[in-house]
Amino acid sequence: MTRPRRASAQTLLVLQAFMAHRRRWRHGYDLSSETGLPSGTIYPVLMRLSERQLLDAEWEPSPTPGRPPRRMYRLTADGVAVAKAELAAEEAEAGDFVSVPARGRA
């Protein structure tokens with residue numbers, strides 16, 4: 001029997017950032033700045049979420065001549081559902097943690 005695959009901590013950060021502004025289009029650089037994840041981490045996460053059809057992705061032409069277009073992303077309806085479920089599961093799992101007091105302390 002296989003276990004359902006849980007989202008990585010990095011993916012959870014990205015989903016959390018998207019959920020803060022569900023319908024807003026976001027750039028990878030914007031998400032990287034908000035989450036603190038480097039580009040080598042955030043872009044693979046965005047590609048995986050796009051491949052799973054949890055993100056819509058579009059190219060935005062650059063307003064500055066000579067600059068390349070930028071990729072923009074936003075959650076799909078399925079993406080919102082998955083984000084809610086993953087974030088709720090993470091919150092529930094964190095709530096299951098029981099702190100054990102250190103010995104010798106009152």
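The values are calculated or read from the model by the stated rules, or taken from the named source; none is laboratory data. The structure displayed is predicted, hence computed values, not measured ones. Methodologically, a virtual Cβ is constructed for each residue, glycine included, from the backbone with ideal geometry; neighbour enumeration extends over all protein chains shown.
List of remarks:
- Index of the failed condition, residue 31 passing every other in (1) hydrophobic (A, V, I, L, M, F, W, C); (2) part of a helix (DSSP H, G or I); (3) closer than 20 Å to residue 93 by Cβ: (3)
- Among the residues of segment 55-83, the one identified as modelled with pLDDT under 90 and in contact with a Lys or Arg (Cβ under 9 Å, 6 or more places away or on another chain) is 62.
- Number of residues in segment 27-49 that are more than 20 Å from residue 76 (Cβ to Cβ) and among the hydrophobic types (A, V, I, L, M, F, W, C) equals 1.
- Hey, residue 46 modelled with pLDDT of 95 or more, surrounded by 14 or more Cβ atoms within 10 Å (Cβ to Cβ) and under 10 Å from the mean Cα position of the chain (by Cα) or not: yes
- Unmet requirement for residue 24, which otherwise passes all of (1) in contact (Cβ under 8 Å) with a residue 12 or more places away in the chain; (2) within 16 Å of residue 72 (Cα to Cα); (3) assigned to a helix (DSSP H, G or I): (3)
- Some residue of segment 84-104 being part of a loop (DSSP other than H, G, I, E, B) and either in contact with a helix residue (DSSP H, G or I) (Cβ under 7 Å, 6 or more places away or on another chain) or modelled with pLDDT of 95 or more (or both): no
- Matching residues, segment 1-40, being surrounded by fewer than 17 Cβ atoms within 10 Å (Cβ to Cβ) and of a type in the set (S, T, N, Q): 2, 8, 10, 16, 33, 39
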